[in-house]
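Structure, as structure tokens:
Taken together, the values in this text are just the output of simple stated rules run on the coordinates, not laboratory data. Note that the structure is predicted; figures quoted are calculated from it, not measured. Virtual Cβ from ideal backbone geometry, glycine too; neighbours counted across all protein chains shown.
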Amino acid sequence: MEYQFKKNTLTDSYRVEFSMGHEAFGSWLIAEIGPDVAKVKHIIARTKEMYGKRDVEELIHGGDFALTLTEDDAIIKANSLHIENELPEGEDFSLYDDELFSQCGLDDFESMLHSWLEFITPRRLG
């Protein structure tokens, strides 16, 4: 999973870009976590708790997305995917689905969160 974080210093807004197939992580990061250091630390702590737990899933609901953590994976799924028959079936919508559902290994997810935390944490001069 590759990603790039960007900040617009004029508007103090953030933008993220994730590799194909992982776009939902970027949408989740901006919509549900943003530059809130406490939220990032909370998700990191919850992620660390999953290591070594077998047959356990942790579901963290958000406004637009839900995060599911397992011993091995982090899964992002848009809440809109829970609505039946929202989109017609077919290839034309597969790219759209990539922005609504993504999955990666727990290690990669935790690493991304640490990178995000470092990116949003103000640097002290001195």
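Phi angles across the range 116-121 convert, under the Karplus curve 6.51 cos²θ - 1.76 cosθ + 1.60 with θ = phi - 60°, into 3J(HN,Hα) values of 4, 4, 5, 5, 8, 6 Hz, Gly and Pro given as x. Residues of the range 37-53 with amide nitrogen under 13 Å from the 7 Å Cα-to-Cβ point of residue 71? Answer for this model: 50-53. Magnitude of the charge dipole for the range 31-75, about its Cα centre and with charges confined to Cβ atoms of Lys, Arg (+1) and Asp, Glu (-1), is about 260 debye. In this structure, the amide hydrogen of residue 73, modeled 1.01 Å from its nitrogen in the peptide plane, lies closer than 5 angstrom to those of 106, counting only residues at least 5 positions away or on a different chain.
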